[in-house]
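The values are calculated or read from the model by the stated rules, or taken from the named source; none is laboratory data. Computed from a predicted structure; not experimentally measured. Every residue, glycine among them, receives a Cβ derived from its backbone with ideal geometry; neighbour counts consider all protein chains shown. The area values use the complete protein model at the heavy-atom level, side chains included, leaving out ligands, DNA and RNA. Shrake-Rupley method; radii C 1.70, N 1.55, O 1.52, S 1.80 Å.
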Amino acid sequence: MEIESVIVTGANKGIGLEFVRQLVKLNKPPKYVFATYRSETSVQALKKIKDETERTEVLLIKMDIRILNDIEDARKAVEDKVGDKGLNLLINNAGVLKHEGFPEITEENLLFHFTTNTIGPVMVLKKMLPLLQKAATHKTIGMSVSRAAVINLSSTLGCISTVMDEIFKEFLVVMGYRVSKVALNMAMRIAACTIQDQGILVVNMCPGWVKTDMGTDRAFIEVSESVSAMMKTLPELNRTHHGSYLDRNGKVIPF
């Protein structure tokens, strides 16, 4: 997997931070890794990676994916570095989760999740699309993360087919999160169908139930294990996976 430029949203902690950590340690690491964060108080770990990395330029970008001006400023920062080579890989990782089920669910809770988990990633893709298009023009055959790709981090909880499964019943209390991930899956499949002739690969991926602030200590998978699996899957992705929803190991998830 040879990628010159990558942007990771929500890169200050959890899965996003681990993506940055593992990307810069590749045998052939990216020339640029753009790592976005929301708060200046949460970038210590990112700064440590930035300071210790020699072969990759790690650029920290403050961006709230709910704010269009932030996304546009991030696009400009990326474009200033990549120029006509464009952006090879967008990892839409940023997301939120708050507990609230039905009938307690509020409009505020639903909008909180939908704005961040669905609208945010779509707007990031929209703004970064011209840079992905530029990258895609440098290779004329096939689809791959080395050419131009978008990886959207979703969740098995965003599969309508799992709602009635006994194992998922305890997660009925995160209604807003689940609804927003269902919407993300649909939105990105529509995007995939719309740009399928432009050489830009679009894939949704579930990292598993990961031990993060969101996943809690009850989760089954360590962050490093989840991201390592996804990093192994990324080079295997091609046109046959376009618009698909996969687990971290590349297995198709019905949704």
List every residue whose amide H lies under 5 Å from the amide H of ILE253, counting only residues 5 or more places away in sequence or on a different chain, with H placed 1.01 Å from N in the peptide plane.
-> TYR245, LEU246, ASP247
Order these peptides, 105-115, 195-205, by their mean beta-carbon neighbour count within 10 angstrom, highest first.
-> 195-205, 105-115
Expressed as a percent, the accessible surface of region 1-110 that is carbon or sulfur, using a 1.4 Å probe and the full set of protein chains, is 46
Taking LYS25 as the anchor, which lysines have their alpha carbon closer than 16 Å to its alpha carbon, excluding any fewer than eight residues away along the same chain?
-> LYS47, LYS48, LYS50, LYS232
Leaving ligands, DNA and RNA out of it, report the carbon-plus-sulfur percent of the accessible area of region 141-212 at a 1.4 Å probe.
-> 67
Dipole magnitude (debye, nearest 20) for region 206-248, charges at Cβ of Lys, Arg, Asp, Glu | 160
Which helices of the chain meet both criteria: a Cα extent of 20 Å or more along the helical axis and a mean Kyte-Doolittle score no lower than -0.5, with helices taken as whole DSSP H segments?
-> 120-136, 175-194
If unit charges are put on Cβ atoms (+1 for Lys and Arg, -1 for Asp and Glu) and the dipole of the chain is taken about its Cα centre, the option from LEU237, ILE61, SER39 lying farthest towards the positive end turns out to be LEU237
Enter the accessible area per residue of the chain (Å², integer; probe 1.4 Å; all protein chains in place).
-> 48
Dipole of the chain, Cα-centred, from +1 at each Lys and Arg C-beta and -1 at each Asp and Glu C-beta, to the nearest 20 debye?
-> 660
